[in-house]
1. Residues in region C:33-63 that are under 20 Å from C:P171 (Cα atoms) and among the charged types (D, E, K, R): how many?
2. Would you pick out the residues in region A:12-31 that are aliphatic (A, V, I, L, M) and either within 9 Å of another protein chain (Cβ to nearest Cβ) or within 20 Å of B:L276 (Cβ to Cβ) (or both)?
3. Which of the residues that make up region B:352-375 are surrounded by fewer than 21 Cβ atoms within 10 Å (Cβ to Cβ) and under 30 Å from C:D177 (Cβ atoms)?
4. Conditions: (1) open to solvent by 10 Å² or more (accessible area, probe 1.4 Å); (2) more than 30 Å from A:F343 (Cβ to Cβ); (3) under 33 Å from the mean Cα position of the chain (by Cα). B:V260 meets all but one. Number of the miss?
5. I need a count of the residues in region A:257-278 that are more than 8 Å from chain B (Cβ to nearest Cβ) and at pLDDT below 85.
6. What number goes with the only condition from (1) open to solvent by less than 60 Å² (accessible area, probe 1.4 Å); (2) in a helix (DSSP H, G or I) that C:G71 does not pass?
7. So for region C:109-121 (the condition being at the interface with chain B (Cβ under 10 Å from one of its Cβ atoms), farther than 24 Å from C:D182 by Cα and open to solvent by 30 Å² or more (accessible area, probe 1.4 Å)), does at least one residue qualify?
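The values are calculated or read from the model by the stated rules, or taken from the named source; none is laboratory data. None of the values given here were measured: they were computed from a predicted structure. Glycine gets a Cβ as well: all are built from the backbone with ideal geometry, and neighbour counts include every protein chain shown. These accessible areas exclude ligands, DNA and RNA; they are computed on the full protein's heavy atoms, side chains included. Shrake-Rupley method; radii C 1.70, N 1.55, O 1.52, S 1.80 Å.
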Amino acid sequence: MIPLYYNVRSLAARRLSTGLTVLGLSLVVFVFAAVLMLSNGIESALSAGGSRQNVVLLREGALTEIGSVVPREAVAVVGNWPQVASSPEGTALAAGELLVIVALPRDGDTFANISARGVTEPSWEARPAARITEGRRPRPGSFEIALGSSLIGAGGGAEVGGELEFAGQRWPVVGRLSAGGGAFESEIWADRNRLGQAFNRPGLTSAIVRLTSPDAFPELKRRIEGDRRFELKAMREDEYWEEQASATATFIRVLGLFVAFVFSIGAVLGAMITMFAQVSARIRELGVMRAIGFSRGTVLAGVVIESALLGAVGGLLGSLGATAMRFVKIETLNFATFSQISFGFAPTPGILLAALLFGLGMGVSGGILPALKAARLGILDAVRA
Amino acid sequence: MTLGQLAFKDLLRNPTRLLLTVLATGIGVLAFVFLQTVISVFYSGLAVTQPDRLAVRSKISITQPLPLSYKRRIESVPGVTRITYAGWFGGRMSETREDFFPNFYVDKATYLKVYDEYVAPADQLAAWMADPCGAMAGKSLAERFDWQIGDRVTLKNAVYPGEWTFTVRGIYAGRTPQIDTTLFAFGYRCINERLPEELRDYVGIYTIVVDDPARSAQVAAQIDAMFANSAYPTRTESERSFQMSFIAMSSAILTAVRIVAYGVLLILLLVVGNTLAMNVREKTVDLATLRALGFRRRHVAALVLVESLVIGLAGAAVGLLLAPPVLSGFVRVVSESFGPIGTVVITGPTYALALGASVGVALLAGLLPALRAARLQVAEGLRRIA
Amino acid sequence: MSEAAQVSVAPIVRLRDVSKAYFRAGMRLPVLEHVDLEIAEGSFIAFMGPSGSGKSTLLNLISGLDRPTEGVVEVAGRDLGRLSDGELAEWRAANVGFIFQLYNLIPVLTAAENVELPLLLAPLNRAERRRHVAAALDLVGLSPRVHHRPTQLSGGEQQRVAIARAIVTDPRLIIADEPTGDLDRKGAEQVLDMLQELHRALRRTIVMVTHDPHAAERADLVRHLEKGRLL
């Protein structure tokens, strides 16, 4: 086997070319890893809000709360079922909710579409993950609102103690809503009846139901979907939120991975250029090695290893760069709900491993043809070159 | 032989490397065109906006409707010459995302007078007008589901309860390739009559045409003032800024796509720069010989720049040839798995931008190697053994 | 033209108190020290000396490839130190023909194209260039091999192509740096015959550096260099 330091030194001897190639490879790995982290970030941002013990009720055929209508009687009926948990005070944890989209002015002339959720007491009880981390809960029946933590500081009174204006009303912000990074952190929570009044929407868009245990879901689902009066469907809350994220996340993933794939072809060609140059610059050296007694296979392996080394360093740099994106927060439109969501890049060990392997793979693919060329050299021709 | 021929012969020193570099450049150009086209799809709504059209929507939220009664009142505002309304119906043939398509209700009598970019044969237009529940489908939508005139389409919807059946009466095309032909439009009357009391007589958005685009701000202010204190305040803006507000919501994604597109150019710069730097290093002796023979610094620099120019042009040619088939393949794969993604065409400006970027990047990549070739110390260069 | 009048009486090469030193890591490394030299037009002079004696540097100074640290180099009536880099290149193209130890032919060009290279800088049309190239290749006896690439030629043939390239512009001065250093006996003899022929028949001034005594014998004058000084 040719020792590794030989490869390292021969790469170091052509610093510029090696550096440019590694940089190119690492940019490709960066895009690859960043895309995976981003779609993972969107999914975890949205699904973190959902509990497995909760059920979302929507009208049959609706994919989102915005496009759904739920009759009030249905909520009252479901509240009496034994599968539904109750608060310590004995109230059933089944709450009808109203979700509307609010246009809030963002910097300058633009508007952000923010989801505003009309809630009642059991909405809070049913979602232990949704906590007030500053200030207090809005008083029932008032115009007070709690603002999702990712909206705090967006300007225009978006802070605890401030006031927002929409739908012809002033809404004092009395609390900061945190929900473990979930979608609720991009929402406004207000009193359901007040919100309905302001928007001329007396109905409900959805209902949230807390089960006595996650295992009670199939039974509840069977009962509600079997009830022909309501035409409702039941979804586990965590699955509902995952579903909400999937369009945006898939868009980013498909686009990003396609681009990363196209890029990688370019970067493999780049690695190939460098390795061909390495081989032709060292023809004499390789010939001497063969003359000393190294086999064709060893020479081939040596070149591939050298190229893999380029890929590995590129992979390392690229994934480090992508990991640094952890500190960047992004806001964008969720295609499913037409409202703003906020999320970040979420690295996982799996993504980092995949990125490293991706880099390594590019290096190896770029090295194969040059390695074959090196291995095919006749000893005498090479020494004489 | 001439100086130009000398430069071209010089290109063939390392055909493998030249080929690989041109291919890599072509791939980069391909990726660049692809990303630019993705961006232009987002902006395609803007391409068809007209300066004399204004959108009137609810100030409260895009999902909040406006009363049908506003039509008369808006019409009466001086400067408004035409008005129509439309709304998002959001019906689905099934719950799967795959067979989703955008569907709207419109005011049939006025819609095509305002939106004259959609065109359909006169007999189909008349049939559409005559049937209250007749629908007009875009050409690419009709192709996607293989709809013929007379076919029935049944949609379900959670907000407007029940099943809604429409008959395809016409298939429209766009005046230009950028026009969206994936839409499905039917008359408002068809659904309004069947709606429950509280949903009846509300529409999504009004579009007006003003007689003088220079006065649009004034007209908009007048309309908004008229409804400011009602339960349904309005926000009137040019069609362009209305579209922009949707694009602005995706600005983070667009920014990311743009950054990646420029990342492609950066990778190109590295690959081409690497090749040119290697070429200059490997032919140092030859360049020094040329200099000794009396060639000027600019001559040897030009040799390097001609090489980068050729790489840039050839790379652009490869990339631009590959782009249309790759893009349409991508669109096919994507729309099979999650719905249509609008009308995707590579525009002239995108081609021009890609060509310019490819040549520009290649020349930029050649700059340092060219400088190095020009700065070469002749006596030292000659001593170097090839 | 007083300058032109001067040329006819003055030697073609005149070095006055020329020194050349390199500076590496703040150290002054002298290569040539206080060299005074005159070469008469039409002579064939050979410089000999061990490696590191400064003979290549001397050749570079005479041919305008390098500049002295001190002193004046006058060649063909021009003070080379006063010429800008561009003027120097133009001067070389018009006045100097080069022959190198390793021939320095451009590998992607044919023999004829290599010979044509210096003519690209002269105001000649295509037909005139072709005529000059044919004449030069004929002179070195390579007419049948004009369309061969350097790799298809023997060492001696390559050096003859290089000689053709050196004389194609009809320069006043031919510079030969170890022209036989990489050739076998037969090739070397051919090349030396040719240089001698150029000198005798065409009265070209030839300045040659060599460490081969057989080659030096062919010159009319041999000067020795040692440790940067002319002996």
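1. The total comes to 2.
2. Our first condition is that a residue be aliphatic (A, V, I, L, M); within region A:12-31, this holds for A:12-13, A:16, A:20, A:22-23, A:25, A:27-29, A:31.
A:A13, A:L16, A:L20, A:V22, A:L23, A:L25, A:L27, A:V28, A:V31 - these are the residues of region A:12-31 that are aliphatic (A, V, I, L, M) and either within 9 Å of another protein chain (Cβ to nearest Cβ) or within 20 Å of B:L276 (Cβ to Cβ) (or both).
3. First, pick out the residues of region B:352-375 that are surrounded by fewer than 21 Cβ atoms within 10 Å (Cβ to Cβ): B:352-353, B:355-356, B:359-360, B:363-364, B:367-368, B:371-372, B:374-375.
Within region B:352-375, B:L371, B:R372, B:A374, B:R375 qualify.
4. Condition (2) is where B:V260 drops out.
5. At the first step, the residues of region A:257-278 found to be more than 8 Å from chain B (Cβ to nearest Cβ) are A:257, A:260-261, A:264, A:268, A:271, A:275, A:278.
With the extra rule that they be at pLDDT below 85, the set shrinks to A:257, A:260, A:278.
Residues in region A:257-278 being more than 8 Å from chain B (Cβ to nearest Cβ) and at pLDDT below 85: 3 in total.
6. That leaves (2) as the condition not met.
7. yes
Yes or no, residue by residue, for (1) in a loop (DSSP other than H, G, I, E, B); (2) within 12 Å of chain A (Cβ to nearest Cβ):
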{"position": "B:Q64", "(1), (2)": "yes, yes"}
{"position": "B:R73", "(1), (2)": "no, no"}
{"position": "B:I83", "(1), (2)": "no, no"}
{"position": "B:F101", "(1), (2)": "yes, no"}
{"position": "B:A109", "(1), (2)": "no, no"}
{"position": "B:D123", "(1), (2)": "no, no"}
